[in-house]
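The values are calculated or read from the model by the stated rules, or taken from the named source; none is laboratory data. Treat the numbers as computed from the prediction; the structure is a model and nothing was measured. Positions of Cβ are generated from backbone atoms using ideal geometry, with glycine treated the same way; all protein chains shown enter the neighbour counts. Just the protein is used for accessible areas: all its heavy atoms, side chains included, with ligands, DNA and RNA removed. Shrake-Rupley method; radii C 1.70, N 1.55, O 1.52, S 1.80 Å.
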Amino acid sequence: MKPLFQLLFLFFINTAFSQDYREATIIFNDSTSVKGFGEIKGNTIYFKVKEEDKPSKWSHDIAKGLLFSGYGYSEKYVYVKFEKNKDPKLMEVIEEGNITLYKDSKLIYKSNGDSRLAFGSNGLSLPIATMPMTRTTSEELKEKYYVQRKNAEFATDITFSFKFRAKIYFSDCEKVIEKINNGQFNKKNIPKMIYYYNDYCDSTENEDTN
């Protein structure tokens with residue numbers, strides 16, 4: 001490995017693991033919570049009560065998720081179960097309501113036709129030992145959306161085969177189906193579709209049936 005690439009490689013590693021922890025609240029499975037400072041790496045929550053403390057590791061066995069706060073905005077990540085025999089995955093909560101929308105993001109680095117994962121789930125983890133370090137490196141953000149109804153055990157991938165799956169999932173709302181058919185709702189504006197459903201479909205249609 002050339003000296004320049006070695007320096008760049010060390011820079012990225014040091015940056016990854018020396019990031020300042022953000023103000024956050026860890027939420028536990030028993031609904032209790034603790035304020036402090038946190039970060040997400042891979043599918044693990046790292047949390048400490050004080051900035052000078054050594055962070056502790058938390059997984060889905062005990063923790064429900066992490067809520068970042070500060071600078072006038074908040075970001076919420078929770079463990080989401082999407083398959084029976086797989087561990088829950090940390091995903092960003094985009095919308096909460098009768099249907100909750102989650103986003104799973106991955107930052108992919110490409111070099112000479114070779115794609116390698118540099119940043120893990122939600123772009124927050126940094127297992128970059130295999131990151132290609134060439135002058136032709138480019139990056140691509142891949143996002144996948146999951147939806148989950150209240151009291152449902154598993155979340156559903158709504159990005160894959162969008163039109164087919166969405167028409168089945170939202171079959172209880174004619175307004176959404178109509179907008180899917182005429183192209184107003186598509187794979188590129190999934191959040192807009194969920195906002196619409198939670199604001200209009202479920203409440204109005206339930207009132208019509210009562």
For this session: Being modelled with pLDDT of 95 or more and more than 16 Å from K89 (Cβ to Cβ) is the filter; apply it to segment 42-51 and report the residue that is farthest from the chain's Cα centre (by Cα).
Result: K50
Exercise. What are the residues in segment 29-47 that are open to solvent by 30 Å² or more (accessible area, probe 1.4 Å) and assigned to a strand (DSSP E or B), if any?
Worked result: S33, V34, K35, F37, K41, T44, Y46
For this session: Would you confirm whether any residue within segment 153-166 is buried (at least 19 other Cβ atoms within 10 Å of the Cβ), aliphatic (A, V, I, L, M), over 17 Å from the mean Cα position of the chain (by Cα) and at pLDDT 95 or above?
Result: yes
Exercise. Going through segment 62-81 one residue at a time, which ones are touching a residue at least 12 places away in the same chain (Cβ under 8 Å) and open to solvent by 40 Å² or more (accessible area, probe 1.4 Å)?
Worked result: I62, K64, L67, S69, K76, K81
Exercise. Looking only at segment 100-118, which residues are modelled with pLDDT under 75 and either in a strand (DSSP E or B) or surrounded by 18 or more Cβ atoms within 10 Å (Cβ to Cβ) (or both)?
Worked result: Y109, K110, S111, D114, S115, R116, L117, A118
Seminar exercise, completed: Taking segment 181-196 and keeping only residues that are buried (at least 17 other Cβ atoms within 10 Å of the Cβ) and either among the β-branched types (V, I, T) or touching a strand residue (DSSP E or B) at 6+ places or on another chain (Cβ under 8 Å) (or both), one is left with I190, I194
Seminar exercise, completed: Conditions (1) within 17 Å of the chain's Cα centre (by Cα); (2) outside any strand (DSSP E or B); (3) under 18 Å from D20 (Cβ atoms) -> K54 fails only (1)
Seminar exercise, completed: Flagged in segment 82-99 as buried (at least 18 other Cβ atoms within 10 Å of the Cβ), within 24 Å of D199 (Cβ to Cβ) and in contact with a Ser or Thr (Cβ under 8 Å, 6 or more places away or on another chain), in numbering order, are M91, E92
